[in-house]
Amino acid sequence: MNINELTPEERQKLANEYFGKADWAKEDGEYDECIEYCGKCIELDPDAEIAYIYRSRYIYKRAYENNCAEDYEIALSDYLNLVRIYAAQQIEDPDLYDNYQGEMRKESAVLDAAWCYLQLGRYQECYDTLSEIWERQKPDENWKSRIASPLKFSKERAAPNGVTLQLNHAIEADFAEPLRELQ
């Protein structure tokens, strides 16, 4: 079947069917099947938010268990697509983002992308991503604790690998206290 020959309605119906299969696979603990069905759903509907959520969650878990860079890349792509979807929702429905929960979904996806960058050894991108969260959130204690760990690890891992981070000294100074608490 060529998905390009399907009408938008047929594509959406088939995407919903694949997502239903993904949901059942998830409930049965068949995470590889869930990942596969989510991929098919996303192919048909590139804005299938919940399919990205499921696939990113289980593919990140698989990547971590198997130390698989390819799976981390897929998880990273999914998290960045969630950021894209949430940014579009923010424009379409600004009231959703007037509350803490709406903004948290987007920032959580950004933070998850930072963890993928960290796992892939892309330390500067990890740091830059965390700095962007810091600038937008002006973090409370919750965000400081969520951001401090990957920031600390990205700095630690960059040093032995000879990677030089272009640190923003003002932001680094803001991170100093949470980092000291982690040591």
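Each reported figure results from applying straightforward, stated rules to the coordinates on display, with no laboratory input. Small disclaimer: the values here were computed from a predicted structure and weren't measured. Here Cβ is always computed from backbone atoms with ideal geometry, including for glycine, and neighbour counts include all displayed protein chains.
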>> For region 24-50, which positions are charged (D, E, K, R), over 24 Å from THR129 (Cα atoms) and surrounded by fewer than 17 Cβ atoms within 10 Å (Cβ to Cβ)?
In response: GLU27, ASP28, GLU30, ASP32, GLU33, GLU36, GLU43
>> When the residues of region 51-76 are narrowed to those that are polar (S, T, N, Q) and closer than 22 Å to ALA25 by Cα, which ends up surrounded by the most Cβ atoms within 10 Å (Cβ to Cβ)?
In response: SER56
> Residues in region 1-10: is at least one hydrophobic (A, V, I, L, M, F, W, C), more than 30 Å from TRP134 (Cβ to Cβ), touching a residue at least 40 places away in the same chain (Cβ under 8 Å) and surrounded by fewer than 14 Cβ atoms within 10 Å (Cβ to Cβ)?
Replying inline: yes
